[in-house]
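Here the structure comes first, spelled out in C-alpha cells, and everything after it is commentary.
The values are calculated or read from the model by the stated rules, or taken from the named source; none is laboratory data. Values in this document were obtained by computation on a predicted structure and should not be read as measured data. Heads up, the Cβs are rebuilt from the backbone with ideal geometry, glycines too, and the neighbour counts pull from every protein chain shown. Note: accessible area is taken over every heavy atom of the protein model, side chains too, but ligands, DNA and RNA are not part of it. Shrake-Rupley method; radii C 1.70, N 1.55, O 1.52, S 1.80 Å.
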Amino acid sequence: MMRRHRTTDPIVESGARGRSLTRRELVRAGLAAGGTAAIARLVGGARGIAVAEAAAAAPKRGGTVTWAMTSDPAQLAPFGGVNGSAFEITSLVYESLLAWDRSLKVIPALAESWQIPDSRTYVFKLRRGVKFHSGKPFDAEDVKYSLDLQKTPPPPGVVQGFYPKIASVEVVDPLTVRLHMSEPDATVLGYLAWGRYSWIIPKGLYDRMDLRTHADGTGPFKLVEYVPNDHTTLARNAAYWNPDLPRLDGITMKVLQDEQARVAGLRSGAIDGTTVSTDSVRILGGDPSLAVLKGLTAVFREMEMTIRGDGKLWDNAKVRQAVSAAINRQEIIDKVYGGDALYSSKIPPGYGDWPIPDSALKSTYQKFDLPRAKQLMADAGVAGGFSVTLQSIAHPQDYTQIAEVIKEQLRQININVTVQPLEIGTFAKNNGEGAFEWQSTGRGMRGDPSGFFSDFDPTGAIDKAWYRGYHNQELTSLYYQGLHEPLPVKRLPIYRRLQEIVLTDWPAVPLVNPMYYQVVRRRLNGMYLAYDGTERGLIAAWLA
Amino acid sequence: MTRYVAGRLLLVIPTLLGMSLLIFALVRLLPGDVVDAMLTGDVGASAGAKAAVRRALGLADPLPVQYVKLIEGVLSGRLGASLTSGEPISGIMARAIPITGELAVLAVVLATAVGIPLGVLSAVRRNTWADLIARIAGLAGLSVPNFWFATLALLVGSLVFHWIPPVTWIPPWQDLWGNLRQMAIPAVAISVYLMANVMRMTRGTMLEVLGLDYIRTARAKGASARSVVFRHALRNSLIPVITVIGFQVGNLMGGATVVEVIFGLPGMGYTLVQGIFGRDYPVIEISAMFLAAVFVFINLLVDLLYGVVDPRIAPA
C-alpha cells in the first residue's frame, strides 16, 4: 500500500502546459471535481490547451533533465518487485508486449498486434527489428523466458497475485508467441499493458547480470548507473524502435525525500520536475518559471476491517453499513486534503469507464446519513456502541489524519475508536497477517479491474488473513465471471455490480482519492501525468 | 603510556562485542522484516512465497546462527550485501562514510575555527557589547535545530539567489571545488550547534581559568596580555572543549541524518534510516556497529589528547 503513492489520471489532467493554477482555481477544482460532468469540463479545457500547444511548437531533440523522486527504488529487478519507485525507473528502461495510452487504452508495444482466437488462447505478433540495449535482437524466445520467469520471479522478487493464468508460452516462430491459458483469464492484456510485473528481458539475463542494480531492456532509455539512496542515470537508447523517441539525451533521477528540498530545487532550477503536495502547489503556483500538472491518483484511501466470525460486532453487515453511513467523506476531503480529493468507489475515479460515477457515490452509496447510521446500529442491537482499535500508517500523515477524522465521526454512533499510528514496517506486517481490527490504509493501481477485488478471491492470501468470517456468494461468483469474460462490454455490468456489493455490504470501506500534482520547469515541454504513477511522460517530453 | 594505550585498546574488544549483540537484538526486535517491508501486503503474496524469499535471504536460520554469521563476516571482512539492492555493504559504506566523514570534519573545523576565538573574545571582553552579541549568538545557535537551519538555507538560496547546492553527490576526489560548494551549506547547518557549544564552553572555562592564581602570577611577572590569554589561560581551558568536540564528532557521524536527507546526501545517517525503514538487517547492523565503533575510538582519542594538552594527565 505504501510505496504506490503515485498513480494519476490523465483524464482530469489540467493545466498540462503553459498554465499554472492559482490558489482559487485549485480550491474551485477541488470543489467542482465532484461530478463526472465537472471532470469532463476540466478535461475539455486541459486537452484543448495541451493539443494546441503541441501543434504550435515542434518538439526538439537533445538535452538532459534532472527529475526528483520522492523515495529510493531500493532495487531495480524487473520481476517480482513491488516498489513503486523502482517501477518509475524500470518503466523508462524496459517494455512489455503491450502498453497503455494516456486514457488506459491498450496499445501495441513490443507486440505489433494480437489475436484472441478463443478464451484460452492469445497470439502476439512481435515487432521486427527491435534490439535490447546490449545489442541483442529481440525475439519470441525472450518473451517466453520473461513470461516464464515472471510466474516465479528469482529472489528478491516475490510471487505476486497478478500473474495471469498462463499455462504455457509457445514460441510459434521468432516473431510469434502463443499463450495457452489454464482457464479463461481476462487480465492478460491489462497485465501486459501495465508492465509493472511483465517486462520483457533478453533470454538468460538473470544468469548474466545482477538485475537489482543493472538492466538490459528495449525501452527508450538505457540504465547507465544506479547509486542507491542517491540517483539513477539514464541515457537515450539511440537504437529505440520508435525513431521519434525519446527526445531527451538523458535523465538523472535523483532521490530527494524532503519536500522542501524538492521545492527549493524547482525554484532554483536544480531539478526540472517532481511530485509535490497540494500545499507546495499553492506556494509554487505563482512562479512563472514553473508549470503545475494536476491529476488523480489511483491510490484510494480505504478502511479495512478483519471479519473473522469471532464475534466482533462488525461481523454484522448492519454495523458495517452504519459505519460507512456515519463517515462524512466530504469532511475527510476538506480537513485532510484541503478539498483536493474525490470520493472513491472500490474502483478508483479515473480508472477508465469502470468506477461508479462520483454523483452516484455522493447521492447514494457513500452518502453521509447520520440518522440512518443510528437506526442501523439500533437495528443491529448495538445502539450503545463498542470500542475498536484503528491502526494507521504513521507516515505519510494523511492515513492517520483520516483515522482521526473517522474517530470523531464515529463517536456520533457511540463507536469509541482508538487510533494507533504505526511505522510502516509494523503496519505492513500486521496488514499481511490480518493482525488488526480496523486499519486506515490505501489501495493501489491494478492492471485489470478484477484486481481491485482480488482481496475477496477465496484462494488469495488476503482473504485468508482478513475475511475468514465473510462470505458473499454473489461477490465470489461475479469475481470469477469477471475474470472469465474477455469482452469489455460484458464485463462493465459485472464490475458495476461488484462495486455495488462492496458499497452495500462493506467488507472494505473505500473512502477518498487524493489529487496528485507534479510541478515542472517550463523549459520541459510535453510532460504529462501518467496514470500508473510513473514518469513515462519523459519519454516524449523535450526541452525548449 | 604504551601500557595505558594497550589497556584501553583491549577494553574496546568487549565493548564492541557487547554492542554488536545489543544492536543485533534490537534490530531483530523490530516488528516486521525485509520481506514484509518489500511486500507491504498489497500484491497477494502467499505465506509460502514470503517464506521462500526469507529462505533465499538467509533469514530462516535460527537467530544465534545469524548472529554468529554476522560476527564471522565482520571479523573476516566479508560484510555481506544489502537484502534489497544486493549491493555489497562494503560498497555502501565506501559511499556513505566519506560523505558523513567530510561533513563531520568540515563541521568540526568550522566550529573550532569560529567557536574558540569567539569564546576567548567573549571571556576576555566580558560584559562588553562583543560579549553580549557573542552570547546571544551562542544561545541562538544552541536553540536552532539543524534541519530548520538547513531548510531555511534552501529557502533563501532558492528564492533570493536561485541557487541551491548541486543535488547529486560530487566526490571530492573528482571535483574538489564542486564538492565544497555542495557540502558548505550542509556543513554549516550541522556545525551551528557545535559552534555555539564550543563558544560557550570556551568562554566558561576561560573565565574560570582567568580568575586563577597562576594567571595573576603570569600577569605580575609581566607577561604580555596575548601571552597570558593564549599560552597560559587558553591551553588550560581546552580540556572540556576537547571533550565536547570529541563527543560531538561521534554524534555527527550518525546524527547528521536529517540534514543528509534534506540535501539528498547518501551518508551514514541517511543509509541507516533507509535501512531501518526497509528492515535491511545487514545494512542496519553494520552501519550501527560502525557508528558505535567510531564513538568508542573517538572517546579513546579524546582521552589520549588530554595528555597532549595537559601533560599532568598523561598516565605514568
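Database remark: amide H of A:Thr66 closer than 5 angstrom to the amide H of A:Thr252, A:Asp272 (H placed geometrically; neighbours at sequence offset of 5 or more, or on other chains; Pro and chain starts carry no H). Computed over chain B with a Gaussian network model linking Cα atoms closer than 10 Å, the most mobile of B:Val53, B:Val192, B:Val258 is B:Val53. Between the helical axis of B:89-124 and the longest alpha-carbon principal axis of chain B there is an angle of about 20 degrees.
Panel note: contact residues of region B:79-119 (accessible area lowered by at least 40 Å² against the chain on its own; 1.4 Å probe) correspond to B:Thr84, B:Ser85, B:Arg95.
Mean separation of Cα pairs under 8 Å and 6 or more residues apart, divided by the residue count, gives region B:89-309 a relative contact order of 29 percent. What quantity of accessible surface, computed with a 1.4 Å probe and excluding non-protein components, is buried in total between chains A and B, in Å² to the nearest 100? For A against B, buried area totals roughly 3800 Å². How much FRET efficiency would the formula 1/(1 + (r/R0)^6) give for B:Leu142 and A:Phe386, where r is the Cβ-Cβ distance and R0 is 51 Å, rounded to 0.05? For B:Leu142 and A:Phe386, the calculated efficiency is 0.55.
For chain A, the membrane-span-like helices by this rule, meaning whole DSSP H stretches whose C-alpha atoms cover at least 20 Å of axis and whose Kyte-Doolittle mean is 1.0 or above, are A:36-56; this says nothing about an actual membrane. For A:His214, the accessible area of its heavy atoms, probed at 1.4 Å with every protein chain present, is near 100 square angstrom.
Seen against the Cα atoms of chain B and their longest principal axis, helix B:235-255 is set at about 20 degrees. In the distance distribution for region B:158-260, Cα-Cα pairs more than 24 Å apart total 48 percent.
Solvent exposure of chain A amounts to 34 Å² per residue of accessible area, where only protein heavy atoms count and the probe is 1.4 Å. Between A:Asp279 and B:Val309, the FRET efficiency from the beta-carbon distance, with R0 = 51 Å, is close to 0.50.
Across peptide A:419-431, the mean count of Cβ atoms from other chains lying within 10 Å of each residue's own Cβ comes to 5. Between A:Lys136 and A:Lys464, the simple spin-label model (points 7 angstrom out along Cα→Cβ) gives 3.5 nm.
Ordering A:Ala77, A:Ala167, B:Met183 by the projection of their Cα atoms onto the charge dipole of the protein assembly as shown, which places +1 on the Cβ of Lys and Arg and -1 on the Cβ of Asp and Glu, puts B:Met183 at the extreme positive end. Computed from the alpha carbon atoms alone, the convex hull of region A:152-235 holds 135 Å³ per residue. Would chain A count as rounded, prolate or oblate if I go by the C-alpha gyration tensor, calling it rounded below 1.5 in a/c and otherwise prolate when a/b exceeds b/c, oblate otherwise? Cα axes put chain A in the oblate bin.
Accessible surface computed residue by residue for region B:89-309, with neighbouring protein chains in place and a 1.4 Å probe, gives 44 Å² per residue. Considering the zone a paramagnetic label at A:Ile107 would reach in this model (a point 7 Å from Cα along the Cα-to-Cβ line), which residues of region A:182-198 have amide N under 13 Å from it? Hits in region A:182-198 for A:Ile107 at 13 Å: none. The protection proxy used here, the mean number of other Cβ atoms lying within 10 Å of each residue, ranks peptides B:55-66, A:68-79, B:287-298 as follows, highest first: A:68-79, B:287-298, B:55-66. Sequentially through region B:276-283, phi angles give Karplus couplings (6.51, -1.76, 1.60; θ = phi - 60°) of 5, 4, x, 6, 7, 3, x, 5 Hz, Gly and Pro residues having no value and appearing as x.
In this calculation the C-beta distance from A:Ala544 to B:Ala113 is compared with R0 = 35 Å, giving a FRET efficiency of 0.15. Once the other residues with Cβ under 11 Å from the Cβ of A:Pro184 are scored (Lys, Arg +1; Asp, Glu -1), what is the net sum? Net local charge, A:Pro184 excluded: -2. Relative to 2.2 N^0.38 Å, what does the C-alpha radius of gyration of region A:301-514 come to as a ratio? Two decimals please. Dividing the Cα Rg of region A:301-514 by 2.2 N^0.38 Å gives 0.97.
Along the axis of the charge dipole computed for region B:89-309 (Cβ charges of +1 for Lys and Arg, -1 for Asp and Glu, origin at the Cα centre), the listed residues B:Asn146, B:Thr257, B:Ile89 are led at the positive end by B:Asn146. If the cut-off is 18 Å between C-alpha atoms, which lysines fall inside it for A:Lys165, apart from same-chain ones fewer than 8 positions away? Within the straight-line cut-off, A:Lys165 pairs with A:Lys144, A:Lys151.
For the pair A:Asp249 and B:Ala47, label points projected 7 Å from Cα toward Cβ lie 5.6 nm apart. Annotation for region A:145-219 versus region B:239-306: alpha-carbon center distance of 43 Å.
Taking only protein heavy atoms and a 1.4 Å probe, the accessible area of region B:191-316 is 65% carbon and sulfur. Per-residue surface analysis assigns A:Val227 an accessible area of about 20 Å², computed on protein heavy atoms at 1.4 Å probe radius. When nucleic acids and ligands are ignored and a 1.4 Å probe is applied, A:Glu474 ends up with an accessible area of around 80 Å². Here the accessible area is traced with a 1.4 Å probe on the protein chains. For region A:301-514, carbon and sulfur cover 51 percent of it. For the pair region A:308-343 and region A:61-76, the centres of their Cα atoms are 37 angstrom apart.
With K and R counted +1 and D and E -1, the other residues having a Cβ less than 14 Å from that of B:Pro186 yield a net charge of -2. Using a 7 Å offset from Cα along Cα-Cβ at A:Glu170, what residues in region A:125-149 end up with backbone N under 17 Å from the label point? Counting only backbone N, you get A:125-126, A:140-141, A:143-145, A:148. Amide H contacts of A:Ile415 (H built 1.01 Å from N, in plane; Pro and chain starts excluded): A:Phe386 sit under 5 Å, all sequence-distant by 5 or more or on other chains.
Have a look at the DSSP beta bridges in the protein assembly as shown and tell me what percent are antiparallel, nearest 5. Around 75 percent antiparallel, to the nearest 5. Averaged over peptide B:157-168, the number of partner chain Cβ atoms lying within 10 Å of each residue's Cβ comes to 6.
Seen from all directions on average, region B:89-309 presents a Cα convex hull projection of 14.4 nm². Centre-to-centre, using Cα atoms only, region A:466-544 and region B:162-202 are separated by 45 Å.
Shielding by partners for peptide B:146-152, expressed as the average number of C-beta atoms from other protein chains within 10 Å of each residue's C-beta, is 2.
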